[in-house]
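K.L.:
Just passing along the structure, written as structure tokens.
The values are calculated or read from the model by the stated rules, or taken from the named source; none is laboratory data. Just so it is clear, the structure is predicted and the values come from calculations on it, not from any experiment. Note that each Cβ is placed from the backbone with ideal geometry, even for glycine, and that neighbours are counted across all protein chains shown.
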2 protein chains.
Amino acid sequence: MKDDPKYQYMSQIMKALAHPTRLFILDLLAEKEYCVCELQKQIGTDISTVSKHLAVLKNAGLISSHKVNNQVWYNLLCPCVLDFYNCVSEIKN
Amino acid sequence: MKDDPKYQYMSQIMKALAHPTRLFILDLLAEKEYCVCELQKQIGTDISTVSKHLAVLKNAGLISSHKVNNQVWYNLLCPCVLDFYNCVSEIKN
DNA sequence: TTCCTATTTGGCAAAATAGGCAAATAGGTC
DNA sequence: GACCTATTTGCCTATTTTGCCAAATAGGAA
């Protein structure tokens, strides 16, 4: 039961959400699509770090990307993730 | 913006959800409350491992516990977490 | 008190994750 | 071809997480 692949699968998605920078990225992508360099300006870390965070989110199926010339644009695939923000925000520590 | 404490806080909760065993525990607690030894039977790992997973979930505010004699019973505090399961389940890899 | 069961805690080693830098890749322009 | 910009990948180190074992703690019962 514990080894049901559904828990493996869901924990992979939760892991993708388990980083402040990635949550911030999803919040940004909720408004509009961004290219990597614009996200990098908002975030402030090395662009390779941003790229890796985006790869994690994409691998989890949360975002998608398309290329325009030499830029890669990312957009949100699963807006329901943001609804969960509200639920989680109400949990008090 | 990235350093907004809300992202720190939410990522902490997401981290608590980012493990197959802990997701399984929440699924069990959705039905009824369990004591540690009953959870251990369902999960099959060392009981100290179960106890630590429970501590992670409790620290995140997702579950609560109360003691009856020498047993500790745990129950779910945030059923909305399970609604998120449905959202996440629909994300395709 | 001693004994028994239930649970937590500490320590440790293995595995996973994060982030920076440099190099590689991709696409365009000159 | 050489050059420039945008992005990804590889490598490395530091940090965090995981899970087991043993020890400690808590609460009853004999």
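K.L.:
Out of A:15, A:6, I need the residue that is within 15 Å of the chain's Cα centre (by Cα) and within 8 Å of another protein chain (Cβ to nearest Cβ). Which one? Let's see the steps before the verdict.
P.N.:
On the way: A:6 fails: within 15 Å of the chain's Cα centre (by Cα).
Testing whether each residue is within 15 Å of the chain's Cα centre (by Cα) and within 8 Å of another protein chain (Cβ to nearest Cβ) leaves just A:15.
K.L.:
Working carefully through the options A:45, A:49, find the one that is within 14 Å of chain B (Cβ to nearest Cβ), surrounded by fewer than 15 Cβ atoms within 10 Å (Cβ to Cβ) and not in a helix (DSSP H, G or I). Break it down stepwise before answering.
P.N.:
On the way: A:49 fails: not in a helix (DSSP H, G or I).
Testing whether each residue is within 14 Å of chain B (Cβ to nearest Cβ), surrounded by fewer than 15 Cβ atoms within 10 Å (Cβ to Cβ) and not in a helix (DSSP H, G or I) leaves just A:45.
K.L.:
Same structure, new question: Of the residues that sit in the range B:52-70 and are in a loop (DSSP other than H, G, I, E, B) and away from DNA strand D (no atom under 12 Å from the Cβ), which one is farthest from residue A:12 (Cα to Cα)?
P.N.:
The first filter runs over the range B:52-70 and keeps only residues in a loop (DSSP other than H, G, I, E, B), leaving B:60-62, B:69-70.
Subset that is away from DNA strand D (no atom under 12 Å from the Cβ): B:61-62.
Values: B:61: 21, B:62: 19 Å.
Step by step, filter the range B:52-70, then rank; the result is B:61.
K.L.:
Out of all the residues in the range A:71-85, is one or more assigned to a helix (DSSP H, G or I) and more than 9 Å from chain B (Cβ to nearest Cβ)? Before the answer, list the steps.
P.N.:
Let us first name the residues in the range A:71-85 that are assigned to a helix (DSSP H, G or I), namely A:80-85.
Narrowing further to those that are more than 9 Å from chain B (Cβ to nearest Cβ): A:82.
Checked the range A:71-85: at least one residue is assigned to a helix (DSSP H, G or I) and more than 9 Å from chain B (Cβ to nearest Cβ).
K.L.:
May I ask you to list the residues in the range B:62-79 that are under 19 Å from residue B:47 (Cβ atoms), surrounded by fewer than 13 Cβ atoms within 10 Å (Cβ to Cβ) and more than 10 Å from DNA strand C (Cβ to nearest atom)?
P.N.:
Of everything in the range B:62-79, just one residue is under 19 Å from residue B:47 (Cβ atoms), surrounded by fewer than 13 Cβ atoms within 10 Å (Cβ to Cβ) and more than 10 Å from DNA strand C (Cβ to nearest atom), namely B:66.
K.L.:
Let me ask something additional. Quick check on this structure: which one of B:32, B:58, B:41 is at pLDDT 95 or above, over 24 Å from residue A:62 (Cα atoms), away from DNA strand C (no atom under 13 Å from the Cβ) and not aliphatic (A, V, I, L, M)? Give the steps one after another, and end with the answer.
P.N.:
On the way: B:58 fails: away from DNA strand C (no atom under 13 Å from the Cβ); B:41 fails: away from DNA strand C (no atom under 13 Å from the Cβ).
Testing whether each residue is at pLDDT 95 or above, over 24 Å from residue A:62 (Cα atoms), away from DNA strand C (no atom under 13 Å from the Cβ) and not aliphatic (A, V, I, L, M) leaves just B:32.
K.L.:
Output yes when any residue across the range B:21-30 is touching a Lys or Arg at 6+ places or on another chain (Cβ under 9 Å), closer than 15 Å to residue A:17 by Cα and either within 12 Å of DNA strand D (Cβ to nearest atom) or of a type outside the set (A, V, I, L, M) (or both), and no when none is.
P.N.:
Yes, there is a match, as at least one residue in the range B:21-30 is touching a Lys or Arg at 6+ places or on another chain (Cβ under 9 Å), closer than 15 Å to residue A:17 by Cα and either within 12 Å of DNA strand D (Cβ to nearest atom) or of a type outside the set (A, V, I, L, M) (or both).
K.L.:
Which members of the range A:57-70 meet the condition of being among the hydroxyl-bearing types (Ser, Thr, Tyr) and within 14 Å of chain B (Cβ to nearest Cβ)? Don't jump to the end; show me each part of the working.
P.N.:
Going through the range A:57-70, the residues among the hydroxyl-bearing types (Ser, Thr, Tyr) turn out to be A:64-65.
If the condition is that a residue be among the hydroxyl-bearing types (Ser, Thr, Tyr) and within 14 Å of chain B (Cβ to nearest Cβ), then A:64 is the only one that fits.
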